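Student: Could you have a look at this structure, given as structure tokens, before my questions?
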């Protein structure tokens with residue numbers, strides 16, 4: 001076998017599929033790897049006696065030898081008709097990786113080869129993590145989830161979306177979500193979230209503004225953003241996730257858990273400072289127009305987690321729930337959490353809006369939670385459980401509400417379990433008080449909610 005670099009090859013390891021690669025194929029690949037250089041200059045002298053000048057691969061082999069990619073045998077031969085091992089090809093790929101002056105198409109070919117021979121390259125001490133990232137430029141992840149909820153109220157709960165009062169609200173929901181990611185270059189990537197949702201009992205999507213089934217159950221674009229990731233600096237542009245600062249400390253966000261369109265910049269690593277600005281559309285905030293939004297967060301993430309958040313919304317529809325008919329709502333948040341060990345996590349969060357005023361609804365939201373372990377989708381048999389006390393009130397605009405409902409206060413317990421690899425079951429139960437009842441002038445304020453979900457990750 002030919003000698004590449006200073007290593008003689010004798011391995012008999014086979015390709016996927018069990019076929020040994022022929023040297024003639026390597027010659028073709030080699031020509032492609034250096035075609036940019038070989039097409040412009042063939043000044044290099046051929047050192048191999050068995051590659052005549054009239055051979056179709058003469059120029060490529062000569063250029064490869066001049067670049068140090070191949071060295072052949074000690075007797076001055078190339079022996080291009082012999083079988084090649086994966087380790088030989090890996091070493092040729094490593095030599096090609098070291099070339100800095102190749103075209104984009106040649107670089108893409110080298111990246112694909114590096115991904116194919118990643119194990120061999122790693123054994124040779126060649127780092128290929130970045131090349132593996134670029135080899136598969138577009139990656140798809142997703143989930144299919146079925147969710148059942150049943151909310152019960154002693155008197156009635158005002159449904160803000162439909163304008164109706166109900167003692168019992170059941171939901172039978174199926175969600176399909178796709179999340180593609182595409183690498184643009186070493187620093188930039190693009191991301192998206194696509195969703196299709198349907199009510200199982202209606203076999204249709206649901207129009208929240210009309211409170212009725214809708215035939216419009218098409219896939220919708222929920223998020224789409226470009227992200228630039230640099231050392232201690234990250235920037236996002238487009239429509240992206242918006243989680244308030246306390247969401248960094250599980251188990252949920254009491255202010256925001258939704259999307260906004262605009263820009264986000266984050267500075268730092270362990271201590272992060274984040275700035276956001278853009279527009280936010282929400283049934284609760286503004287039906288016809290998007291609200292102007294600005295936010296700032298300071299967050300420390302470690303065994304001890306602590307953070308501050310400031311959020312500002314401006315919309316005409318906010319006048320009915322703010323003091324002095326203001327159009328601007330300001331929300332302040334703080335969070336604190338501590339991880340005792342691998343399994344035990346205690347967290348708390350508090351949010352306040354000095355501008356909120358709607359009947360006798362509290363202007364403060366808060367939660368305290370203890371979590372033990374947690375189900376990992378890829379780890380069959382893993383599980384977790386938590387208990388939390390929450391108030392989701394005036395400072396909550398679009399919170400995480402799997403258990404405790406908006407406009408409620410009480411105790412929430414939950415557990416999750418990985419039944420099969422990438423199949424996770426979760427259940428939650430909330431019991432407490434309906435804060436809307438006071439607003440409606442009723443002392444019958446008991447409320448509860450049952451939540452169940454099965455998720456299939458892929």
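Every number in this text was worked out from the coordinates using simple rules, so none of it is lab data. All of these numbers come straight from a predicted model, not from anything done at the bench. All Cβ positions, glycine included, derive from the backbone under ideal geometry; neighbour counts span all protein chains shown.
Student: Quick check: the distance between the Cα centres of segment 316-346 and segment 350-405, to the nearest angstrom?
Tutor: 11
Student: Please compute the modelled spin-label separation between residue 379 and residue 230, points set 7 Å along Cα→Cβ, answer in nm with one decimal.
Tutor: Taking the two extended label points, one gets 3.7 nm.
Student: Now a separate question. Could you check the simple spin-label distance between residue 310 and residue 187, using points 7 Å along Cα→Cβ, in nm with one decimal?
Tutor: 2.9
Student: Starting with the highest mean, order 402-411, 193-202 by the number of other Cβ atoms within 10 Å, averaged over the residues of each peptide. Working shown, then result.
Tutor: Working: 402-411: 22.6, 193-202: 15.4.
Ranked by mean Cβ neighbours within 10 Å, highest first: 402-411, 193-202.
Student: Round to the nearest 0.05 the FRET efficiency obtained for residue 429 and residue 98 when R0 = 41 Å and r is the Cβ-Cβ distance.
Tutor: The pair residue 429/residue 98 has a calculated efficiency of 0.10.
Student: In addition: Tell me the relative contact order for segment 138-457 as a rounded percent, counting alpha carbon contacts under 8 Å between residues six or more apart. Could the numbers behind the result be given before it?
Tutor: Working: 920 pairs, mean separation 45.5, N = 320.
Once normalised by length, the contact order is 14 percent.
Student: Describe numerically, in nm with one decimal, the distance between label points set 7 Å from Cα along Cα→Cβ at residue 456 and at residue 279.
Tutor: 3.8
Student: Report Rg (one decimal) and Dmax (nearest whole number) for segment 138-457, counting Cα atoms only, units Å.
Tutor: In order Rg, Dmax, the Cα atoms of segment 138-457 give 19.6, 60 Å.
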